[in-house]
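Worksheet: one structure, shown below.
The values are calculated or read from the model by the stated rules, or taken from the named source; none is laboratory data. Since the model is a prediction, treat every value here as computed from it, not as a measurement. For neighbour counting, all protein chains shown are included, and Cβ atoms are generated from backbone atoms with ideal geometry for every residue, glycine included. Heavy atoms of the whole protein, side chains included, go into the accessibility calculation; ligands, DNA and RNA do not. Shrake-Rupley method; radii C 1.70, N 1.55, O 1.52, S 1.80 Å.
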Amino acid sequence: MSRFARGITIVWVVLRYGLDELVLSTFRQPWLRAVTRVITFGRKLDAPRGQRLREALESLGPIFVKFGQVLSTRRDLMPPDIADELALLQDRVPPFDPDVAIATIERAFRRPIGEVFVSFDRQPVASASIAQVHFAVIRDRQGHAREVAVKVLRPGMLPVIDKDLALMRMMAGWVESLSADGKRLKPREVVAEFDNYLHDELDLVREAANAAQLRRNMQGLDLVLIPEVFWDFCHAEVLVMERMKGVPINQVDRLRSAGVDIPKLARDGVTIFFTQVFRDGFFHADMHPGNIQVSLAPETFGRYISLDFGIVGTLTEFDKEYLAQNFTAFFRRDYKRVAELHIESGWVPAHTRVNELEAAIRTVCEPYFDRPLKEISLGMVLLRLFQTSRRFQVEIQPQLVLLQKTLLNIEGLGRQLDPDLDLWSTAKPFLEKWMLDQLGPQRLWRELRAEAPHYAKILPDLPRLLHDFLRQRPHDNRVDLQELLATQKRTNRLLQSLIYGGLGFVLGLLVMQLFVRVRIF
Ligand SMILES: Nc1ncnc2c1ncn2[C@@H]1O[C@H](COP(=O)(O)OP(=O)(O)OP(=O)(O)O)[C@@H](O)[C@H]1O
């Protein structure tokens, strides 16, 4: 379909489902509203607006469905009724022909399928808009037969995606320029984010790399299994990984009757997530129940199995600091500190008044303390904080929005498993440890260690640099020598004060840690 015809289809769907009503009331051009009312005269719009939007996206095809799914997670931008309805969107599409999957694999590896795999199941186990999964058997480097899951990209997706994205960008531009409310919703920014997200999903090597990194990070925690990636069998369009065998996490009765400790499972989920966020700064950000299973195998009984690594979040030290400081200030009900943190970070425009921001934050946060601490949802706190900050023109970083969304998923999942889950006492040790880590001597030691390779590189050059320096000086060696001795004395004094100062600093930190431990929580 040409772009023009696709554009017409979209306009027709918009009118048919009454989506114009969602934005028209805010359109600045009264004539446009009048024209639309004439064209759509007699139209019946009984269903609620969220449902109409969901049905319209479904009728526009899988890329729009994915867009709706992504939008549903942006609760900081959407009214709740629309976000709830969009969350119902299912990325279910009929599987594509296995011969097409086989052709993609053969093209990727330039070998017939029989030479790539020992065996290959033609029947897919799952099929979504971007990819489908087949089970197969490979022979690994050691010659052992290994059961694998093979993810194959749906062919010809790139042009479809690019065409739909171009139309979405155009529509976003219209909404932004025609509607008074348009700028606040930042439609062009949302589409640009979606563009990144889709293009990332089209590169399975990227997903494989995410899986490998998470697997490495999670080793030793003994709470979660991540499939091994078989790099010899990976390509941008094909991902081959260890086949995992578990029970989907939403089959709680089955898990319970198999003897899984469900409250522990709930706590483990929170522990895994906080370890990923606060220890590694690298977290699985697509934690919906379809991507989580539980192992019942004797040697890994009760451990999580994580699947689908298309979306991960990365946090910088700055992001982690923002989160930890805000959470701790929040739990101390120190809203002034929360406001100051936003201003110190430079995210709020300079003219913002701290007390106004503080009052707004107090208004959204205080109602949470009406309930027991263990029931407070950190995801919700963050969401409210972001919504408030937006009113003060704070740009919230996408990785923090991703984190907030995942936090809501994890908490939702945890509470589903165990309604008595004490989120705060599970999360607290992580924040505590992280704060101590940031303030304590570990940080100094870590930073010195990080700089060590740099010193190792410049130290051998020092004699030469000194020699070069002296050669450039006039040839009055006596003066040079005196100067050098004076400099050396100064350096010695400086070194002495540095050592004493450093010792004092480390001691100070140790003492401070004791106070911090008492004061923060
Ligand atoms: N390593 C694996 N071992 C066993 N089954 C797997 C594995 N990877 C994927 N699957 C199966 O395939 C399904 C889809 O996988 P995945 O979620 O990675 O695909 P997707 O195309 O990203 O789907 P969606 O976008 O709907 O999440 C999983 O729910 C699971 O049933």
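Two decimals is fine: what's Rg over Rh for segment 278-389, C-alpha atoms, Kirkwood radius as Rh?
Values: Rg = 17.9 Å, Rh = 16.5 Å.
Rg/Rh for segment 278-389 comes to 1.09.
What nm distance separates the two modelled labels at Ala359 and Leu503, each placed 7 Å from Cα along Cα→Cβ?
5.3
Can you give me the Cα centroid spacing of segment 409-424 and segment 212-263 in angstrom?
What the calculation gives is 20 Å, centre to centre.
Could you tell me what % of all Cα pairs in segment 245-439 have separations over 30 Å? Write down the numbers at each step before the final one.
Details: 4465 of 18915 pairs.
The calculated P(r) of segment 245-439 puts 24 percent of pairs beyond 30 Å.
Would you rank Ser257, Ser345 by solvent-accessible area, highest first, keeping every protein chain in place and using a 1.4 Å probe? Don't skip to the end; give the middle numbers.
Numbers: Ser257 100, Ser345 30 Å².
Largest accessible area first, the residues go Ser257, Ser345.
Express the C-alpha Rg of segment 128-283 as a ratio against the empirical globular expectation 2.2 N^0.38 Å, rounded to two decimals. Intermediate values should be presented prior to the final figure.
Values: Rg = 20.3 Å, N = 156, 2.2 N^0.38 = 15.0 Å.
Against the compact-globule rule of thumb, the ratio is 1.36.
Out of the total accessible area of segment 146-224 (probe 1.4 Å, heavy atoms of protein only), what percent is carbon and sulfur?
On the way: 1940 of 3650 Å².
Ligands and nucleic acids excluded, carbon and sulfur give 53 percent.
Rounded to the nearest whole Å², what accessible area per residue is found for segment 245-439 with the 1.4 Å probe? It would help to have the intermediate numbers written out before the result.
Working: 8120 Å² over 195 residues.
Accessible area per residue: 42 Å².
Using r as the Cβ-Cβ distance of Lys336 and Ser59, and R0 as 45 Å, what FRET efficiency do you calculate, to the nearest 0.05?
On the way: r = 50 Å, r/R0 = 1.11.
Computed FRET efficiency for Lys336 and Ser59 comes out at 0.35.
State the Cα centre-to-centre distance between segment 112-163 and segment 275-353 in whole Å.
For segment 112-163 versus segment 275-353, the Cα centre distance is 32 Å.
List every residue whose amide H lies under 5 Å from the amide H of Ile305, counting only residues 5 or more places away in sequence or on a different chain, with H placed 1.01 Å from N in the peptide plane.
Amide H to amide H, under 5 Å and 5 or more residues apart or across chains, Ile305 pairs with Leu225, Gln293, Val294, Ser295.
Length gain on complete extension for the stretch Arg6 to Asp97, per 0.36 nm per residue less the alpha carbon to alpha carbon distance? Write out the running numbers ahead of the final one.
On the way: separation 91, 0.36 × 91 = 32.76 nm, distance 2.53 nm.
Value of the extension gain: 30.2 nm.
Can you tell me the FRET efficiency between Arg141 and Asp461 if r is taken as the Cβ-Cβ distance and R0 is 51 Å, rounded to the nearest 0.05?
The computed FRET efficiency comes out at 0.75.
Suppose the chain between Gln387 and Glu299 were pulled fully straight at 0.36 nm per residue; how much longer would it get relative to their current alpha carbon spacing? Working shown, then result.
Working: separation 88, 0.36 × 88 = 31.68 nm, distance 4.50 nm.
Separation in residues times 0.36 nm, less the Cα-Cα distance, equals 27.2 nm.
For Tyr368, what accessible surface area do you get with a 1.4 Å probe? Give it in Å², rounded to 10.
For Tyr368, solvent-accessible area is about 20 Å².
At a Förster radius of 30 Å, what calculated FRET efficiency corresponds to the Cβ-Cβ distance of Asp222 and Arg122, to the nearest 0.05?
Numbers: r = 37 Å, r/R0 = 1.22.
The pair Asp222/Arg122 has a calculated efficiency of 0.25.
What's the extension gain from Gln51 to His351 if we count 0.36 nm per residue and subtract their Cα-Cα distance?
Values: separation 300, 0.36 × 300 = 108.00 nm, distance 4.10 nm.
Extending this stretch completely gives an extra 103.9 nm.
Over 31 Å between C-alpha atoms is what I'm after, so list which of Lys163/Lys405; Lys186/Lys336; Lys264/Lys433; Lys66/Lys245; Lys433/Lys489; Lys163/Lys320 land there.
Working: Lys163/Lys405 28 Å; Lys186/Lys336 29 Å; Lys264/Lys433 21 Å; Lys66/Lys245 27 Å; Lys433/Lys489 42 Å; Lys163/Lys320 37 Å.
With Cα atoms farther than 31 Å apart: Lys433/Lys489; Lys163/Lys320.
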